[in-house]
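A short worksheet on the structure shown next.
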Amino acid sequence: MTITRLCLTPLFFLALAASHAATTSAAAPVDSDAACSIKSAEPLLPISVTVKDPSAAIVQRAAIELSCGDTVINSQTDADGTAALRLHPGTYHLTVLAPGFSDYLQTITIAAPAKTIDVALAPGSATDVINVTADSGFVPFASNAGSKTGALLIEVPQSISIINTREMENRGVITMNEALRYTPGVQADEYGFEPRFDWLKIRGFSAETFGVFRDGMRFNSLSGKLDPYELESVEVLKGPSSVLYGQVPPGGLINQVTKRPPAESQREIGVQFGAYDRRQFQGDFGGPIDKQQIWRYRILGLVRDSGTQVNFTPDNRRLIAPSLTWHPSERTNITGLADWQHDGTRWSQFLPSQGTLTFNPNGIIPVSTFVGEPDWEKVKRDQGSIAYTGDHLFTDGWNFHSNYRYQYINFQGTTVYGNGFDTSIPNNFTYVTRTAYALPSWDHINTVDNRALRRFQTSNWEHTVLFGYDYAHVNIKSKQAFVSMPNINIFQPVYGAPVPALNYYIDQNSLLQQHGLYAQDQIKYKNHLVFTLGGRQDFAINDLTDFLTPSSSSSQNDKRFTGRAGVTYLTDMGIAPYFAYSTSFLPNPATPIYNGPNQPYTQAKPSDGRQYEGGVKIQPRTWTSFITASLFDLTETNVIVTDAAFNSLQSGKVRSRGVELEGVVDLGHGLNLHAGYSLTATTTLEDATPANIGKWLPQTPRNLTSFLADYTIHDGLLAGLGGNFGVRFVGTAAGDSANTIFIPNYTLFDGALRYGWHKTLFSVNATNLADRRYVATCTGANYCGYGYARNVIGSAKYRF
């Protein structure tokens, strides 16, 4: 079956199903601009909201939201399907959200005497984006990422963090890594200032190669980079997640959720001006095309020209992303998405430890230092994608969902990087040796994920059954070349050295094909005990074609079964203890394993991960919050290590144990809090180099602590004024596997001020307020990198 047929067949199936569902009317539109008002001077009234499905059965844990302007009241339905609130009389916008049902949007009037509101939810389809239309603060309720069924987060036996649009906007997030800075267990900005890619670790394991997804499908973050303006949210699944996603690192994965056409009309234009001559113009327009909301659209984009903290290093971007939704009935939803992005920037800088981390008699190396050649260096990236996501709910209760995306990334990078001070010069702490390096690559990625799910009940047991098949076809053609360059005075650099002809030592084509079959059953007993059981069989084919040394070309087939078993207990108070066991696998293609003298080399087996995790999730119905506390024990085996003769051996074993605490709370009256702490204790258990055994894994801080408070004044003369203040502590980390170098801890402060006036929002966001100079990483004495310096950005958004 060709890739084209593979992706078009489900789409044709969905369209055919939609034609058979034509007798079901489309959702009635809701006027998002309908007037609302609150009589705050009048006494509060007790209000009851009861939520039921079409069969009149109660719906538990449905998210309830009543809003008017800046006033937002959140709750959840109890075991009897009812949520009790106290409201001032007035007119409110009511939103009800529950997994498996369409969003309920309505404008209601509250008046004396006390009122009971009955809500009947229509059957819905399991889309990849679960939105609450009104402003619900920072607190998440549900996500597809951890279950692919839209289950409530409190019911999934896995630690999951979600950074939503509201938090990203209030913090002024400009990169995906920046969005994750307040997430415990995640080492964002792993290599410090890095304009090219998003480097990060989860629970001590690198996630950038196989651990970054977009809308639940693989994304190559070591070639491409998404702008947060295009994202609805960023989701973090911690721990092994192969049961739903195939080959991923054991620490977990990041899922970037793309914005979709909204059900309500929205229009936004904005500008940004800031440090390093930042100038950005952006726009986001979307909503229904027709009165019946059968067709919806969205188109967003931005143009940015900016410098950065490093000399001669721009951060320029052009982005446009259109999307279109066809929603002929409550049972059918198909969305087409596309985007194109062009980036212009340069490489990060490798600086010596003497002058950055340790003493240098010539002084401190400035953060802005550039050791390359401005006239020769470049990073040019063109990336684009076209995708669809669609689902249809059949009358017998089966829900079929299909995702497909084709993406290409053309990355052209050249750089001159430093290799430390020239040791051939006595007492030299001035002149740095350099290497010119080129990395052109061309990525073509096809991904598809088809799944069917059904919810049914037998006596006291409720089942959510999921069956799926996904496929990834990742073709990467790349070259690498280098040549030695003249030294440069790092304190008084003089540029213009000619770059000799480069020596290409890699010219290859890598093709990964992964087929995965998975099944899952979420079993709920008497609305309290939830069992999650899942299994998956993967078939991974890795073909490597070496154009320089054809005899080195290889083909490798790997098979693995992975799974997850977990249990959660839901109390009436909103406290849910859980425990889970999960596994993962990650192939090691094109790695011949040395088996001893006169013994043939063998292909490397996949590295395997297994984890035990237990904890408690807290989400009381009486106040809007989501709190998670977890303990985990994570081990990876079959790790590739290198002996003293530089032979590859598959005898490594590493372990990560830790504690993670995270709380996202909406205290009402405009105050949101996001706090987190993680202890990640990593250890090398087995290694070909005895000196590495018992040592920390590199670039993994043992302690991460963060706290963010965001406040907006809703009433009075200062209504619309708000801001936030955040503190981030990053603990000590090892720089290399032998722990011969350590990166000291550091504390950073962030802040923002904003003022909403009529339909315009003015804001100023700053990161690293104190402009602290700190070293974020050192992979050796010659390769250190500074962290992000202070960055201040002022913006204005007009929404109409």
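In nanometres, what is the gap between the two model label sites at Phe762 and Phe456, each 7 Å from Cα along Cα-to-Cβ?
With each label placed 7 Å out from Cα toward Cβ, I get 6.1 nm.
Suppose only helical runs count, i.e. DSSP H with n ≥ 4. What mean residue ellipticity at 222 nm does that imply for the chain under -39500 (n - 2.57) per run, divided by all residues and rounded to the nearest 500 deg cm²/dmol?
Numbers: 4 runs with 33 residues, N = 800.
Counting only the DSSP helices, I get -1000 deg cm²/dmol.
Output the peptides 246-253, 748-755, 542-549 sorted from most to least packed, where packing is the average of other Cβ atoms within 10 Å over each peptide's residues.
Top of the packing list down: 246-253, 748-755, 542-549.
Say a paramagnetic label sat at a point 7 Å from the Cα of Arg279, along Cα to Cβ; which residues of the range 314-346 have their backbone N under 20 Å from it?
Under cut-off, by backbone N: 314-320, 342-346.
Compute the accessible area per residue over the chain, keeping the other protein chains in place, probe 1.4 Å, unit Å².
Value returned for the chain: 39 Å² of accessible area per residue.
Could you work out the relative contact order of the range 253-377? I mean the mean sequence separation of Cα pairs under 8 Å and 6+ apart, divided by the number of residues, in percent.
18 percent
To the nearest 20 debye, what is the magnitude of the charge dipole of the chain about its Cα centre, counting +1 on the Cβ of each Lys and Arg and -1 on the Cβ of each Asp and Glu?
Here the chain has a charge dipole of around 160 debye.
Can you find, among Gly716, Ser368, Pro249, the residue farthest towards the positive end of the dipole of the chain? Put +1 on the C-beta of Lys and Arg, -1 on that of Asp and Glu.
About the Cα centre, the residue reaching furthest to the positive side is Pro249.
Once label points are set 7 Å from the Cα along Cα→Cβ at both Glu268 and Asp546, what is their separation, rounded to one decimal in nm?
5.0 nm
Placing unit charges on C-beta atoms (Lys and Arg positive, Asp and Glu negative, everything else neutral), compute the dipole magnitude of the range 303-447 about its Cα centre in debye, rounded to 20.
160 debye
Taking H as built 1.01 Å from N, whose amide H comes closer than 5 Å to the amide H of Tyr783, not counting residues under 5 places away?
Those lying under 5 Å, H to H, from Tyr783 are Ser353.
Ranked highest first by the average count of other Cβ atoms within 10 Å around their residues, in what order do 722-729, 410-417 fall?
Highest to lowest by the protection proxy: 410-417, 722-729.
Tell me the relative contact order for the chain as a rounded percent, counting alpha carbon contacts under 8 Å between residues six or more apart.
Rounded, it is 11 percent for the chain.
Note the listed values [x] 154; [y] 169; [z] 243, then indicate which one is volume of the Cα convex hull per residue in Å³ calculated from this particular structure.
Matching entry in [x] 154; [y] 169; [z] 243: [x].
At 7 Å along the Cα-to-beta-carbon direction for both Asn598 and Thr116, put a label point, then send me their distance in nm to one decimal.
Result: 8.9 nm between the two label points.
Run the numbers on the range 336-426 and let me know its relative contact order in percent, using alpha-carbon pairs under 8 Å that are six or more apart.
Once divided by the residue count of the range 336-426, the mean separation gives 38 percent.
The values are calculated or read from the model by the stated rules, or taken from the named source; none is laboratory data. Computed from a predicted model, the values in this text were never measured in an experiment. Cβ coordinates were reconstructed from backbone atoms using ideal geometry, including for glycine residues, and neighbour counts include every protein chain displayed. To get the accessible areas, we keep the full protein, side chains included, count just its heavy atoms, and leave off ligands, DNA and RNA. Shrake-Rupley method; radii C 1.70, N 1.55, O 1.52, S 1.80 Å.
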